[in-house]
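Below is one structure; the comments refer to it alone.
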Amino acid sequence: MTQDFRKQIVQRITRNFLDILILRLIKTEPMWGYKIIKKTEKLFGIRIRHGALYPLLNSMEANGYVRSKKIAKGGRVRKVYEITSKGIQLVDAYYDFLKEQLQRLDIKEA
């Protein structure tokens, strides 16, 4: 696969499954918004704007996939997000679907 095609695939998956990717990130460790932005940029080459991230995090929290708490550190208060058991179930369902798709060598059989 050429680098251009890989970049296109990564960008499409990241944009369409941004909530899943964020859940995967915060599953490794609780994170605040700026850290999520930096990690997403470093790992996937996608820059998320604050105006896109925070409404998504609020929606994910309202749906029970993440919970947040405010933590004071170095004179600053950060809203740190961590994944919930419901969020872990969503990530696991995503992995199960991907495994299922990768195991289908010949789609004509379906």
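Computed from the coordinates by the stated procedures, all read-outs in this text should not be read as laboratory data. All of these numbers come straight from a predicted model, not from anything done at the bench. So basically every Cβ, Gly included, is an ideal-geometry build from the backbone, and we count neighbours across all protein chains shown.
Residues are listed down the side, and each one gets a yes or a no for (1) part of a helix (DSSP H, G or I); (2) more than 16 Å from L90 (Cβ to Cβ); (3) out of contact with any helix residue (DSSP H, G or I) (no Cβ under 8 Å at 6 or more places or on another chain):
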| site | (1), (2), (3) |
| --- | --- |
| K7 | yes, yes, yes |
| R15 | yes, yes, yes |
| L21 | yes, no, no |
| L25 | yes, no, no |
| I37 | yes, yes, no |
| K42 | yes, yes, yes |
| R47 | no, yes, no |
| G51 | yes, yes, yes |
| N58 | yes, yes, yes |
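Can you name every residue in segment 60-101 that is closer than 16 Å to Y34 by Cα and not in a strand (DSSP E or B)?
G74 - this is the single residue of segment 60-101 that is closer than 16 Å to Y34 by Cα and not in a strand (DSSP E or B).
Answer yes or no as to whether E82 is acidic (D, E), touching a Lys or Arg at 6+ places or on another chain (Cβ under 9 Å) and free of Cβ contacts under 8 Å to residues at least 40 places away in the same chain. Steps first, answer last, please.
Working: acidic (D, E): yes; touching a Lys or Arg at 6+ places or on another chain (Cβ under 9 Å): yes; free of Cβ contacts under 8 Å to residues at least 40 places away in the same chain: no.
For E82, the condition - acidic (D, E), touching a Lys or Arg at 6+ places or on another chain (Cβ under 9 Å) and free of Cβ contacts under 8 Å to residues at least 40 places away in the same chain - is not met.
Could you list, ordered by first residue, the pairs with Cβ atoms under 6 Å in which the first is in segment 1-17 and farther than 19 Å from I48 by Cα and the second is aliphatic (A, V, I, L, M) and surrounded by 10 or more Cβ atoms within 10 Å (Cβ to Cβ), at least 6 apart or interchain?
Filtered contacts from segment 1-17: no entries.
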